[in-house]
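Each value in this text was obtained by applying a stated rule to the coordinates, not by laboratory testing. Only a predicted model underlies this, so the values are computations on that prediction, with no experimental measurement involved. Neighbour counts run over all protein chains shown; Cβ positions are idealised from the backbone, glycine included.
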Amino acid sequence: MTYPNSLYIPGNKPMIIGQFVELCRFEAPFHYQFTLHLTALQAGESIEIRYYTKSLATGLWYLEAPPVTFGPGPFPGALLNNRENYTIDFIAAQGIYVEAKQTGGTARTLDWDMVKV
């Protein structure tokens with residue numbers, strides 16, 4: 001049995017307090033695994049994550065699930081909700097779009113990575 005080649009894509013994005021920021025957008029049909037690294041957040045900070053898939057029929061982006069919120073962490077370097085990373089794994093017919101909003105504290109640069117299978 002053969003397996004498809006995986007493509008690893010790293011990235012990072014500076015956040016803006018109280019505003020949604022696009023972390024990444026890929027417009028191709030693949031099996032995606034997106035991981036957001038939460039270790040940069042500090043005490044009292046939290047983040048809301050939303051992810052969308054693009055419809056084959058309409059070409060529009062649709063929210064795939066309810067937003068996910070992590071934080072606030074109890075102290076600097078603490079795990080948020082006992083997690084260092086948040087991973088989304090799914091198959092998208094036309095692509096994915098991930099955005100996040102940091103609330104309070106100092107705006108951080110968040111690292112992420114994507115694996116396309």
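Summarising the amide proton neighbourhood of GLY95: residues at separation of 5 or more, or on other chains, whose placed amide H is nearer than 5 Å comprise ALA28, PHE30, LYS54.
When DSSP beta bridges are restricted to pairs lying wholly in the chain, around 95% turn out antiparallel. In the chain, the sites counted are GluC sites (Glu not before Pro) in DSSP loop states with at most 14 other Cβ atoms within 10 Å, and the longest stretch holding none of them, exclusive of the sites, is 28-83. Taking amide H atoms as placed 1.01 Å from N in the peptide plane, the amide H of ASN85 lies under 5 Å from those of LEU38, each 5 or more residues away in sequence or on another chain. Taking θ as phi - 60° and the Karplus parameters 6.51, -1.76 and 1.60, the scalar couplings of the stretch 29-45 work out to x, 8, 8, 10, 10, 9, 10, 9, 8, 9, 5, 6, 6, 10, 4, x, 9 Hz in sequence order, x denoting glycine and proline.
The chain: percent of C-alpha pairs farther apart than 23 Å?
Details: 2124 of 6786 pairs.
The share of Cα pairs beyond 23 Å in the chain comes to 31 percent.
Please work out the FRET efficiency for the pair THR39 and SER6, using the Cβ-Cβ distance as r and a Förster radius of 30 Å; give the result to the nearest 0.05.
Details: r = 24 Å, r/R0 = 0.79.
It comes out at approximately 0.80.
Derived scalar couplings between HN and Hα for the stretch 104-116 equal x, x, 9, 4, 10, 9, 9, 8, 9, 8, 10, 10, 9 Hz in order, rounded to whole Hz, by the Karplus curve 6.51 cos²θ - 1.76 cosθ + 1.60 (θ = phi - 60°), x for Gly and Pro.
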